[in-house]
1. Between residue 28 and residue 99, how high is the FRET efficiency from 1/(1 + (r/R0)^6) when r is the Cβ-Cβ distance and R₀ = 35 Å? Nearest 0.05.
2. I want to verify a result. In a Gaussian network model of the chain, Cα cutoff 10 Å, which of these has the top mean-square fluctuation: 64, 16, 31?
3. Divide by every residue of the chain the summed helix terms, -39500 (n - 2.57) for each DSSP H run of at least 4, and state the resulting mean residue ellipticity at 222 nm, rounded to the nearest 500 deg cm²/dmol.
4. Among DSSP bridges having both ends in segment 1-80, what percentage is antiparallel? Round to the nearest 5.
5. Among 32, 48, 14, which one shows the highest mean-square fluctuation when the chain is modelled as a Gaussian network with alpha-carbon springs under 10 Å?
6. With angles folded into 0 to 90 degrees, how steeply does helix 12-26 sit against the dominant principal axis of the chain? Use alpha carbons for both and round to 10.
7. What whole-number distance in Å separates the alpha-carbon centres of segment 50-95 and segment 1-29?
8. May I ask for the angle, rounded to the nearest 10°, between helix 30-49 and the longest principal axis of the chain, with both axes built from Cα atoms and the value confined to 0 to 90°?
C-alpha cells in the first residue's frame, strides 16, 4: 500500500525552537546558521511526502509520533489524519520534555 502524502504544518513551539537554534548558531557563524535553517526545513519537507519515513520516538513508542534527524538535532513530528505536524526540534543531547509534544 502506497503511503499518502500529507500537508506539513510547523507548530509555534517548533518554530520557536528553530529560531533559538539559529540565533545560537548565528553568534558564531551567520552563514552557517542560514544554511542550517534552510537545511532543516528542506529535510523536513520530505516528511510530508513520506510521513512514516522517520522512526518512532523511542521514549514514547507511539506510532504516530516520529522523528528524523538533521545534523545534531531531532525533528519530532506527529502524523495526524489530515496533516503532519512538526512538534519540536531538540538537540540530540537534550532530554526530551514530553510537554513539548502536545499538539
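1. It comes out at approximately 0.75.
2. With Cα springs under 10 Å in the chain, the top fluctuation among 64, 16, 31 is at 31.
3. Mean residue ellipticity at 222 nm (helix-derived): -11500 deg cm²/dmol.
4. If we restrict to bridges inside segment 1-80, about 100 percent are antiparallel.
5. Judging by the Gaussian network model, the answer is 32.
6. Between helix and principal axis, roughly 30 degrees.
7. For segment 50-95 versus segment 1-29, the Cα centre distance is 11 Å.
8. Rounded to the nearest ten degrees, it is 0.
FYI, it's all coordinate maths here, none of it is from the lab. Because the structure is predicted, anything quoted here is derived from the model rather than measured. Heads up, the Cβs are rebuilt from the backbone with ideal geometry, glycines too, and the neighbour counts pull from every protein chain shown.
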